[in-house]
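Heads up, the thing below is written out as structure tokens.
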Amino acid sequence: MKKGLPVADRKTVWRETADLTRREKKVVAAAIALHVVAAVAGLGGPFLIGRIVDAVSKGAGASDVDKMALAVGACVLVQVLVSRQAQYLGHRFGERANARLREDFVARTLALPVSAVERAGTGDLATRSSVDVATVGNTVRTVVPTLLISAIQLLLIFGAVIVMDPPLGLVALAGVPTTAAVARWYLRRASPAYLMEGETASELTEALTTTAEGGRTVEALRLADERVAHGTEKIGRQWQARRRTLALRSVFFPIVEAGYALPAAAMLLAGGFFMRHGLSLGVVVSATLYVQQAIDPLDRVMIWLEQAQRGLASFARVLGVGMVPPEPRGEVPASNQRELIVRGARFAYGDGHDVLHGIDLAVRPGERLAIVGPSGAGKSTLARLLAGIDAPREGVVTLGGLAVTKIDPAERRRRIALVTQEHHVFMGSLRDNLAFAAPGATDDDMLDALVAVGADWYGDLPDGLDTELGDGVRTLGPADAQQLALARLVLADPHTLILDEATAALDPTTARRTERALAAVLEGRTVIAIAHRLNTAHDADRVAVLEGGRVSELGSHDDLVRAGGAYASLWRSWHG
Ligand code: ADP
């Protein structure tokens, strides 16, 4: 069972929410002020209608009524115009906050240590960055402004009834405790229920993506039934979680609906009673209209509170991404320290058995070391240890006397580069694609790097370094993509390169082109090459033969051939 990424607690969520609001203090304050003005204007209508009723029942003339009717119209106009402006400000706050959230999320995601994502599963991160980020975005863009407006309107409406006639005000508020109790009941349960819904959605995505990604393996090992069962189980969990939230909603909303109808009836009833004790008809009309007017914002609060709950749950998951402790900042070895030493290194994947059984190896600065051996011997694993991606279970790998895994990650990558067959071309310009290897590189540096690796396709690009690359825009062929990767290496300028079958998957013509480019890159650096083709071993200063997780032979090509061991027979069979 994979352990998902962390989820922020309630306190953190509120703190971040407050922080987000504080950063847009002025806009929020202006929006609130305008909403208050609009809501006060909204109160004018019912109030004046009550006055009209009273005036008419006292036998007032038509001109007085006309004036008051005009005033009703003016109130409506003011309300419309001011609330439009207020909504504009509210949404502006929402959009800005949303943009900031997304930027923060990208930053948090990029800062995640790779190991944390591997542990949690990419599905979890994928769900958080799609579903949860969208939910939070929707919440700050629409839910928060709407809730804000509604809350202001409700406060003023009930306030107005109380001011007009306190006893009637109490009647108007009679429904509030029930509604509040139900809302409390609902909100208490809704938050964990929606968190569960999000979690099961992550698990489902994770289950489906791993099955899809491992499609070939699933077919080859006939795991289809097992994977289908796994997926079905996850769908079941999601179904249950959704049923739970649906059940909550189906209790909550009917009660709330009823809560709207009753107050108006109660107002008329109580109003009739109070009128016998001297209350004017106009006040009863106004108060009843107010209570009717409250339904709309009340309804919105109820609907959007639910959305806000979802938003908070999603926000907790979005913030959780930032709670993974960053890779520790490590030590920095002196730049002239280049000696890479492996001592007594043992390594096992997870809780499995050891795949490296005590490796001792000293790589001299500037030397070319080839590592050969049968498939599964542990060559790639050794490469990962040398690059500091994994730490040995026992023993140590040191660069200039410091354990490589303790070296500051950025610094380590600047010194030791692991070159594999994976070469990603990022969406963006050629310049962007080169710049992240060396942020300070000038255009000339970039052009020099492209020339060094023989990337002659550069001349065909319509906009030079500004040409947009990436799938669907301008797809680079495998050899070109590899040259791009090599140009990045030239720019990054590490003193040690570990080549893990960098050219193994390419067709021979492409491989030759790439090898020529590679030769330019290797110049003057320490090179550890995991060799598929033995001519790489032949050209190396020394060859290490890895068999069953142990170094069985170590020496120059000539020495090993003369010694007549495993390498010699490999060489003979390969050489024909
Ligand atoms: P080579 O590069 O020489 O082919 P590897 O270093 O890839 O060998 O693999 C050495 C051993 O470790 C093999 O038995 C392989 O099955 C195992 N292994 C490699 N990668 C993993 C992994 N990610 N998880 C578990 N076992 C692994």
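The values are calculated or read from the model by the stated rules, or taken from the named source; none is laboratory data. Fair warning: this is a prediction, and the values are worked out from it, not measured in the lab. Here the Cβ is made from the backbone with ideal geometry for all residues, glycine too, and neighbour counts use every protein chain on show. Keep in mind that these areas ignore ligands, DNA and RNA; they rest on the heavy atoms of the full protein, side chains included. Shrake-Rupley method; radii C 1.70, N 1.55, O 1.52, S 1.80 Å.
Per-structure values
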read-out	value
Options A33, A39, A71: the member that is closer than 30 Å to T135 by Cα, touching a helix residue (DSSP H, G or I) at 6+ places or on another chain (Cβ under 6 Å) and modelled with pLDDT of 90 or more	A39
Count of the stretch 554-565 residues which are open to solvent by less than 60 Å² (accessible area, probe 1.4 Å) and under 47 Å from the mean Cα position of the chain (by Cα)	0
Condition check for R368: over 26 Å from the mean Cα position of the chain (by Cα), open to solvent by 60 Å² or more (accessible area, probe 1.4 Å) and within 18 Å of L497 (Cβ to Cβ)	yes
Tabulated pairs, the stretch 514-526, first over 11 Å from A452 (Cβ atoms), second modelled with pLDDT of 80 or more and in a helix (DSSP H, G or I), C-beta under 6 angstrom, 6+ apart or interchain	T514/Q482
All positions within the stretch 508-531 that are modelled with pLDDT under 75 and open to solvent by 80 Å² or more (accessible area, probe 1.4 Å)	P508, T509, R512, R513, R516
Checklist (1) open to solvent by less than 10 Å² (accessible area, probe 1.4 Å); (2) at positive phi applied to G373, failing item	(1)
Subset of the stretch 532-550 (residues that are open to solvent by less than 10 Å² (accessible area, probe 1.4 Å), within 13 Å of the ligand (Cβ to nearest atom) and touching a helix residue (DSSP H, G or I) at 6+ places or on another chain (Cβ under 7 Å))	V545, L546
Tally, over the stretch 551-565, of residues that are within 14 Å of the ligand (Cβ to nearest atom) and farther than 16 Å from A383 by Cα	1
Single condition A261 does not satisfy, out of (1) open to solvent by 10 Å² or more (accessible area, probe 1.4 Å); (2) in contact (Cβ under 8 Å) with a residue 24 or more places away in the chain	(2)
Residues that are open to solvent by less than 20 Å² (accessible area, probe 1.4 Å) and more than 18 Å from the chain's Cα centre (by Cα), drawn from the stretch 130-148	V143, P145
Residues of the stretch 443-463 satisfying the condition of being part of a loop (DSSP other than H, G, I, E, B) and under 23 Å from L497 (Cα atoms)	V453, G454, A455
Any hit, the stretch 433-445, residues being within 16 Å of the ligand (Cβ to nearest atom), open to solvent by less than 20 Å² (accessible area, probe 1.4 Å), under 19 Å from V521 (Cα atoms) and within 31 Å of the chain's Cα centre (by Cα)	no
Qualifying residues in the stretch 397-427 (those that are in a loop (DSSP other than H, G, I, E, B) and open to solvent by less than 40 Å² (accessible area, probe 1.4 Å)) - the one farthest from L465 (Cα to Cα)	G400
Given (1) open to solvent by less than 50 Å² (accessible area, probe 1.4 Å); (2) within 30 Å of A120 (Cα to Cα), index of the condition A362 fails	(2)
Count - residues of the stretch 545-576 that are in contact with a Ser or Thr (Cβ under 9 Å, 6 or more places away or on another chain) and either over 30 Å from A348 (Cβ atoms) or among the aliphatic types (A, V, I, L, M) (or both)	3
Pick from the stretch 277-308, criterion open to solvent by 50 Å² or more (accessible area, probe 1.4 Å) and at pLDDT 90 or above, ranking: farthest from S150 (Cα to Cα)	L281
Test: residue in the stretch 422-432 that is among the polar types (S, T, N, Q) and within 16 Å of the ligand (Cβ to nearest atom)	no
One residue from T217, T205 being surrounded by 18 or more Cβ atoms within 10 Å (Cβ to Cβ), of a type in the set (S, T, Y) and assigned to a helix (DSSP H, G or I)	T205
Breaking point among (1) in a helix (DSSP H, G or I); (2) over 32 Å from the mean Cα position of the chain (by Cα); (3) surrounded by fewer than 16 Cβ atoms within 10 Å (Cβ to Cβ), for A18	(2)
Number of the exception - V136 against (1) hydrophobic (A, V, I, L, M, F, W, C); (2) within 20 Å of P46 (Cβ to Cβ); (3) touching a Phe, Trp or Tyr at 6+ places or on another chain (Cβ under 6 Å)	(2)
Which numbered condition T405 misses (of (1) within 16 Å of the ligand (Cβ to nearest atom); (2) more than 27 Å from A566 (Cβ to Cβ))	(1)
